[in-house]
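Working notes, structure below.
The values are calculated or read from the model by the stated rules, or taken from the named source; none is laboratory data. Since this is a predicted model, take the numbers as computed values, not measurements. Heads up, the Cβs are rebuilt from the backbone with ideal geometry, glycines too, and the neighbour counts pull from every protein chain shown. Ligands, DNA and RNA are stripped out before the accessible areas are found, and what is left, the full protein with its side chains, is counted by its heavy atoms. Shrake-Rupley method; radii C 1.70, N 1.55, O 1.52, S 1.80 Å.
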Amino acid sequence: MADITVRPMAAADADRVLAIYQAGLDAGNASFEITAPTWAAFDAARLSAHRFVAVDSDGTVLGWIAVSPTSTRAVYAGVVEHSVYVDRAAQGRGVARLLLAELIASTEAAGIWTIQSGIFPENTASLTLHQRAGFRVIGVRERVGRHHDRWRDVVLLERRSPTIT
């Protein structure tokens with residue numbers, strides 16, 4: 001992992017970020033979404049202070065992580081939902097772990113007390129990653145939505161900051 005660094009996501013990363021996103025969607029166990037959004041839509045939906053990419057020594061983007069607010073209500077200002085995607089060729093190298101660690105540090109520094117995510121139960125690697133990073137399973141939303149013509153469950157996870165009280 002010495003050859004992998006994490007840095008803030010920039011507009012110049014758009015093509016690679018969206019390609020990684022689409023590949024994850026195409027694999028079938030990442031999201032209910034079918035098609036990655038345009039960069040403008042992606043950019044508008046995610047908090048700019050908490051978007052990161054992992055790059056190799058050549059500067060190639062290997063993965064990304066970003067958060068979206070869960071609500072516009074003031075009481076939920078410290079709660080975000082995140083997504084993390086890693087290029088298939090870079091999986092198993094600790095990229096997602098590095099990205100998640102950077103996100104946790106960034107959100108805690110900003111006073112965000114809860115990071116949440118919904119993960120398909122079949123995505124066991126992501127569930128393991130999140131639990132190792134301090135996320136806990138809240139529950140399972142059964143048959144919450146249809147994806148590729150079948151009902152899918154979603155495991156809800158959250159990480160409550162131990163430093164923000």
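For this structure, a couple of remarks:
- Residue-count net charge about Ser117 - beta-carbon cut-off 11 Å; Lys, Arg +1, Asp, Glu -1: -1
- With contacts taken as Cα pairs under 8 Å and at least 6 residues apart, segment 49-117 reaches a relative contact order of 35 percent.
- Taken as Cα centroids, segment 38-60 and segment 98-131 sit 16 Å apart, rounded to the nearest whole angstrom.
- The mean sequence distance of close C-alpha pairs (under 8 Å, at least 6 residues apart), as a share of the length of the chain, puts its relative contact order at 20 percent.
- Largest-first ordering by accessible area, 1.4 Å probe, given options Val95, Val86: Val86, Val95
- Panel values: segment 31-165, Kirkwood radius from alpha carbon pairs, Stokes-Einstein at 37 °C and 0.692 mPa s, translational diffusion coefficient 208 µm²/s.
- Accessible surface of the chain, 1.4 Å probe, proportion on carbon and sulfur as whole %: 50
- Neighbourhood charge, 14 Å Cβ-Cβ cut-off, centred on Thr5 and excluding it, Lys, Arg +1 and Asp, Glu -1: -2
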